[in-house]
Amino acid sequence: MYNSKIRGPLIEGNKSLGQITREVVAPLETKSGRWWTVALGLSSLATIYGIYAVYITVYKGIGTWGVNNSVGWGWEIINFVWWIGIGHAGTAFSIFLLILRQRWRTSINRSAEAMTVFAVLCAAIMPALHMGRIWLAFYIFPYPNTRGPLWVNFNSPLFWDFTAITAYLLISVSFWYLGMLPDLATIRDKTISKIRKALYGFFSMGWTGSSRQWIRFESLSFILGGIAAVLVVSVHSIVSTDFAVGVEPGWHTTIFPPFFVVGAIFSGFAMVMTLMVLIRKIYRLTDYITDNHMDAIARILIFISLIMGTAYLTEIFVAWYSGNKYEMFTFFHNRITGDYKIQFWGMIACNALIPQLFWFRKMRRNWIALLSVSLLINLGMWLERYTIIVTSLSKDFLPSNWVSYTPTFIDVGVFVGTIGLFATGVLLFMRYIPMMAISELKGVVHIGSKKED
Amino acid sequence: MKKHREIPEEFHGLTNGNDRSSAKVQKDQLLELFEDDFLKLSSSRRNFLKVFGFSFASAAIVAACKRPVHMAIPYVIQPPEITPGKPLYYATTFYDGHEYSAILVKTRDGRPIKIEGNSLSPFNREGTTARVQASVLSLYDDARPKSPSVNQQAVSWESIDEQILNDITGINSVGGEIVLLTSTINSPSTLKLINEFGGRFKNFRWVQYDSVSYSAVIEANSACFGRAVIPDYNFEKAELVVSVGADFLGTWIAPVHFIPKYTARRKLNNGEKSMLRHIHFESGMSITGSNADVRRKIKPSEEIILLADLYNRIAQKTGAETFHGTSFREDLSELADNLIASKGRSVVLSGTNNIDIQIITNGINYLLGNYGDCIDLNNYLNISAGIDKKMEGLVNDMDAGRIKALLMYNVNPAYDYPQPDKFLSGLKKTVLTINMAGHLNETSGKAKFECPVHHFLESWNDAEITPGRLSLSQPCINPLFNTRSFQDSLLRWSGNPISWHDYLMANWEKEFFPKSALPDFRRFWDRCLSNGVFSYDQQDNKPATFKKEELSRVMNNLKIIPAEEYEVIFYESIALGTGMHSNNPWLMELPDPVSKHCWDNVAAISPKDAEELGILSGHLIKLGADLILPAFIQPGQAEGTVSVALGYGHKNSGPVADNIGLNVYPLVRLNGGNRYYGFTAGRLENTLKKSQLALTQVHHSMEGRPIVRETTLGEYLNDSHSGNEIHEEYESGHRTLYPEVNFDGFHWGLAIDLNSCVGCNSCVIACQAENNIPVVGKEEVKRRRIMHWIKIDRYYSDNPADPKVYFQPLTCQHCDNAPCENVCPVSATNHSSEGLNQMTYNRCIGTKYCINNCPYRVRRFNWYRYTNNKAFDFNTVSDLGKMVLNPDVTVRERGVVEKCSFCVQRIQEKKLQAKLENRPLLDNEIKTACMQACPSEAIIFGNLNDKNSRVSKLFGSPRLYHLLEELHTLPSVGYLTRIWNGEKKNS
């Protein structure tokens, strides 16, 4: 079953096991390039802008944002859903492919999981910041308390959200970190720096590589994978109930849970694509992340893009078919036409149309095409959340309440800040943690290679 | 006023004596906790627990630090009438020279905090206007003058009196003319006092001056009937009202008096078969025009042609003398027929301050026999007495240096006289100038002596609104500043040692006590003070005899005003009125009911003109020579006219009013002895510069949704469900998977009669005052963050050139199946056992999910901290401004959601009272603030479980529907359909 005749070799270049360790660990051992310092500087700047925006938000109030009496949720909730969506890729990637025993994931899953952790962190900032009284955020924890005891409202999707995200974050972090143990131990054993030895030694939790440890390691991976697989589906389903449970036209629809999960995986895979194209280019890891890998992700993207397109059409059809005048207005007069048509058509173009370029093999193998399409998909997914949240809220049932929505400098700051935080996280990850699961790579090094024939 | 005291220093720490030694002891004690081997870092379970326990305890101590405690000291001797926590009501009178209401003032711990109408007064009953509701906040205005001053130097009353007495005696000895310039005075005791005061001088003149004048009405009645009065209009006796530009439901003469009479004849809740029909001609879009069954647009210059033509047609049909005249561009014979059909039961009004127009109007009413029942000259209204010519004469005399002393009371000519420069130069030529004003205004500082007067809530006074109907004013709080009533000043300056209070009492004892049936004056006085009002039967009614000569003169020399391309009309806005109360942040932020715009005055232009000139709302346009204002495209505005609100553009009236909008009073024309509120602009010019308007509603069409359901009277009489057919359809689809909630005790509900609501906005301010709703300022309004818990939605239908207008008060619907309650993650909003949708501020963490999930969008978020925040320096920052806060209602913190509570504090108060008195709660006992303030009784609150309550009866009406009932939110607020009487004849 490990013999992949269809895919060809999973790792090219006929590597020896030692070579793999050396090449993967190389970015940690060598001095980082100037680009890394510059990129870290830029992302830190963005983070600082974000910290300033957060400071202003907390110090002065949510009034510094563009939200208003009718549009109670704005950029921050859009960003929240967007980041959570991106945060799906890692887990979806490793876990679904792990369960499906797709071994080609090995060179990508580590970075994808790292991305998940940073994206979920960025996402978690948003709803917290969005609370009017963030200092009382602990009211949302369901624990026996001296205030009555007052319990949370178990009916509220926001509470489900809180639970789902917390669980997801914990599981993703554990899965990512525990999967790293053998590699951390490898670095511990290889390094000559005392500090590194101590640090990596501490974090590798006494990994020795004994058979018993390997057995436990494998079974733990499967257990965590099993839990996480459910979470991948549940987290975004639950996020979607934030909207689907609401009465707002354009929100109150049963298509939302699958639609959101698929959308999340879509944006996550696109983000994986973006990062992989860059990592391959920068670290010259084309032997490990082969053109075949990129090709596979691109094919998945076409498939999901078709689902997205179908979902968009279904929503519009149901709005018309229901005969509900509020739904009709939202879809036909506030999305397809109206003030927000640019966002709507941008979403359709980026998510449903442009990914169709990957039907062409040439496109799937051109790194510029891959990079631009993946970035456009992420833009499209952001626009999708914008369309859902803002159009429904801005013009709903009573025309007297209709308003338009524009973000402020602070809204932009919070968003840019999370991008900065994400980028900083990814850059540090590249520098201090092996980007690929060395032990797993070694397991697939000869699969599909000519040597085996 | 509540006094606060800091805790003495020694209570702060519990240690006494030497701080240093005690600190050392503490340190030693702490170190004793750790044994010697602690520093060796050998970690044992004991040490771990010690370190853990110590850090935990320190954290707990640090976290337990409290904020400084402010304590209030109780009374040493408690006044018997005051129970802390219980309100006291005083009956008093609001009269600012322009608007009158008999009111009740609610005081808490000595602070007036809310104004209600006095139900014993037949004039306004419980109704009030937004301006009256807001006047309590003007009491706590930091900009009020705080002490007497001479040339802006604060002095004592003794020294200022001495100087004034010196000066005035000097002037009088040489026979110099002394002028008292006041706003209209309708206080009989003050009139007497002024007469006595004037009698002391050789050369004395008293001029009454109103910023918005009804001089033409008074003069026309004087010319036609020999009675210089403003008659009372009895809409409740009329079948047909034809108004030409008179905004009698909004600002004209006495809206608070007219609204209940007008709506009484338009209610259909008790099986009435007919209703008052209202035909309105106007240029701008007023709330009166919005309520009319038929509204026609005219230019101001056409008014005289219209009325003259109407007169001729009625005269022709009734066989009276006709005059030669131009006919109006529309055929008025149908209108004339209708009026003749309602002979004696109609009212024709004109709102223009033009004596010729008013005389023709009188002529029409006389022909129709409306004097007597519908228009009452005997029970006239003492609202306004200023005659324009007298003021013009005074200013001319001042300018010519003929006036030696000018005493001003409650007037602001430097702001609202059409020629402020002439007035001010005249003022400079006057030797002795005294300004007696209760609030800061443009005239303040222009006179030598400033003798600030009390706010009306601090003063004694009386008023006679119609002959035989009196009301008293009494102070509800000690004067906050070193001010003195105007009457006390006059008494001092006339050398009379008696205080104004004693003078007033003596006058009542002499004049009115004999008219009462009570044996003892003390009892009479106490009863009058307690009731606030006193009335006695006045002399027999004299029939009005019409003098035809004046009418013939006017009709034969019809002064046709040449029509210009653009005619600009100035109007009083609902919020600011004449501009006297502009420094009141509640009023400044009150959106105009029709334009839904606040914090500025704009030039309203018609959609057609805007299109022709390429003007968009917000473009700065130039009217005439130098008036540049933001344009506002107003559906229903007559083509070729521009409406601009008065009352803005203050320069020295306080931080809220100053530099907001433009003052257009200097453009008021002195036209034939009467001030004409408007001018003609040759052209409009678009400067193409943009400004963003502070609008609270930006979409105006109902988009075909059944939001305001309407029908016509004819259809309604055929089928009482008409216009509301869909309600039954939705009701029949009422199904739920869940057990239906039963409310065992009370189930509160609110019915809003859309046929009675005229859109006056009184409820909005009443709610703001009752519920401590913050003012957010122009920038925040622009960002759509106004905080009002109740708002009046306004919709247009039909075409923008000639729209139908609908008003719909919108507040929390208290849904029994509330979408907001379900989604709050912390259960901060939940349902009470009495059907109230409650908001628990303490619990709210501000996710705003409830705001999004409320289909009515009636929830408000505290975007910023609005209290004690210099960025929102309106009335919740200074200690003085905060005195208006209602202690029964929490002041909300930043970051929490708030909304209408059905005035739960009032519900609780009355429930407790009924319980203490061991009786069932009565229907109508609990009134929400909006209901109480509503002059038209359009809002009815009560218990839906009581089948006999007023609200239950309305809920049983075939006209009742719920807003967005198809969503199955099960609101506790019901609306009654709007019924138009626009057909030609009631079928």
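Only the coordinates and a few stated rules stand behind these numbers; no lab work does. Being a predicted model, the structure only gives us computed values, none of them experimental. Reconstructed Cβ throughout: ideal geometry from the backbone, glycine too, with neighbour counts over all protein chains shown.
Results, tabulated for the structure shown:
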| read-out | value |
| --- | --- |
| Set of lysines with alpha-carbon distance to B:K192 below 26 Å, sequence-local pairs under 8 removed | B:K202, B:K389, B:K390, B:K404, B:K510, B:K515, B:K542 |
| Estimated inter-spin distance, B:D946 and B:S878, nm [label 7 Å along Cα→Cβ] | 4.3 |
| Cut-off 18 Å (backbone N to label point 7 Å along Cα→Cβ of B:N659), residues of region B:611-629 | B:628-629 |
| Listed residues B:Y89, A:S234, B:V781: farthest to the positive end of the dipole of the protein assembly as shown (Cβ charges) | A:S234 |
| Whether region B:215-381 is rounded, prolate or oblate, judged on the alpha carbon gyration tensor where a/c under 1.5 counts as rounded | rounded |
| Cα→Cβ-extended label distance, 7 Å offset, between B:I628 and B:Y738, nm | 5.8 |
| Lysine pairs with alpha-carbon atoms under 26 Å apart, region B:215-381, spacing 8 or more or separate chains | 13 |
| Cα-based reach from B:K911 at 13 Å (exclusive), listing aspartates and glutamates while leaving out same-chain residues under 8 positions away | B:E834, B:D923, B:E925 |
| Theoretical FRET efficiency, 1/(1+(r/R0)^6), r = Cβ-Cβ of B:D331 and B:N270, R0 51 Å, to 0.05 | 0.85 |
| Cα-based shape type of region B:441-560, given that a ≥ b ≥ c are square roots of the gyration tensor eigenvalues and the cut on a/c is 1.5 | oblate |
| Candidates per trypsin sites (Lys or Arg not before Pro) in region B:882-987, loop by DSSP, up to 11 other Cβ within 10 Å | B:K947, B:K984, B:K985 |
| Proximal charge balance of B:G85 [Cβ under 11 Å; K/R count +1, D/E count -1] | -1 |
| Spin-label model distance (nm) - B:F52 vs B:E236, 7 Å beyond Cα toward Cβ | 7.9 |
| Unit charges on C-beta of K, R, D, E only; dipole of region B:710-980, Debye | 1300 |
| For chain B, size of Cβ-based charge dipole, Lys and Arg +1, Asp and Glu -1, in debye | 1400 |
| Positive-end extreme of charge dipole, chain A - chosen from A:T337, A:L42, A:F256 (charges on Cβ) | A:L42 |
| Per-pair calculated FRET efficiency, R0 = 60 Å: B:I73 and A:L178 via Cβ, rounded to 0.05 | 0.40 |
| Loop sites in region B:486-568: GluC sites (Glu not before Pro), DSSP, at most 15 other Cβ within 10 Å | B:E565 |
| Crossing angle, helix B:157-173 versus chain B [Cα axis fit, 0-90 degrees, rounded to tens] | 10 |
| Charge-dipole axis of the protein assembly as shown as Lys and Arg at +1 and Asp and Glu at -1 on Cβ define it, positive-most pick from B:I359, A:P27, B:N771 | A:P27 |
| For B:D356, net neighbour charge (Lys/Arg +1, Asp/Glu -1) across residues whose Cβ lies under 12 Å away | -1 |
| Within the protein assembly as shown: Cβ-based charge dipole about Cα centre, in debye rounded to nearest 20 (Lys, Arg +1; Asp, Glu -1) | 5180 |
| Among the listed pairs B:K422/B:K448; B:K596/B:K804; B:K651/B:K778; B:K146/B:K778, those beyond 22 Å (Cα-Cα) | B:K146/B:K778 |
| Residue-averaged [θ]222 nm for the protein assembly as shown, counting only DSSP H segments that reach four residues, each worth -39500 (n - 2.57) | -12000 deg cm²/dmol |
| Kyte-Doolittle mean at least -0.5 and Cα axial length at least 15 Å: DSSP H helices in chain A | A:17-29, A:34-60, A:75-86, A:109-129, A:157-190, A:211-244, A:256-283, A:291-322, A:367-386, A:409-432 |
| Folded to 0 to 90 degrees: helix B:500-511 orientation relative to chain B principal axis, Cα | 50 |
